1. If you go through the range 101-156, how many residues are at pLDDT below 90 and crowded, with 21+ Cβ neighbours inside 10 Å?
2. Among the residues of the range 99-118, how many are part of a loop (DSSP other than H, G, I, E, B) and under 18 Å from residue 66 (Cα atoms)?
3. Can you tell which of 25, 19 is assigned to a helix (DSSP H, G or I), more than 24 Å from the chain's Cα centre (by Cα) and within 30 Å of residue 117 (Cα to Cα)?
4. From the list 43, 51, 31, which residue is in a helix (DSSP H, G or I) and touching a residue at least 40 places away in the same chain (Cβ under 8 Å)?
5. Considering only the range 67-92, state which residues are outside any loop (DSSP other than H, G, I, E, B) and either surrounded by 12 or more Cβ atoms within 10 Å (Cβ to Cβ) or touching a helix residue (DSSP H, G or I) at 6+ places or on another chain (Cβ under 9 Å) (or both).
């Protein structure tokens, strides 16, 4: 008896269509998860920078002078300048927006494929802000403070 085993072309095409539909539904959700994960990593990096600022204050008695060339603003010299801290990819640039004798404001500006996600802000008082309306056209963290929603979650 000669019995044919296998699948017909119609059965294979149905499976391909089903897999394609599942991929079309799952991919945007996956991309959204990546964006949220990168944002969470930047939030953690900002917390780490804030801890470095506190150590700098303990050592020097001021928050000022922790940026490049001893400046009060710009890229930090006491902590990483990017997020994620490890690895080659960079999705956020960390900056000291304002630093003085008694306080500071830190920012994480999205770059590359994360651009348009909004600038994250953290102050010495613990206030957390997210300028979700940032259009990623070069707006600095300092310019974003005025329009910031003061939390790090969506739907503040």
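1. 9
2. As a first pass, look at the range 99-118 and keep what is part of a loop (DSSP other than H, G, I, E, B): 100-103, 111, 115-118.
Going one step further and asking which of them are under 18 Å from residue 66 (Cα atoms), we end up with 100-103.
Residues in the range 99-118 being part of a loop (DSSP other than H, G, I, E, B) and under 18 Å from residue 66 (Cα atoms): 4 in total.
3. Working: 19 fails: within 30 Å of residue 117 (Cα to Cα).
It is 25.
4. Unique residue meeting the criteria: 43.
5. Within the range 67-92, the subset outside any loop (DSSP other than H, G, I, E, B) is 67-70, 74, 76, 82-83, 92.
Selection gives 67, 68, 74, 76, 82, 83, 92.
The values are calculated or read from the model by the stated rules, or taken from the named source; none is laboratory data. Model, not experiment: these values are computed from the prediction. All Cβ positions, glycine included, derive from the backbone under ideal geometry; neighbour counts span all protein chains shown.
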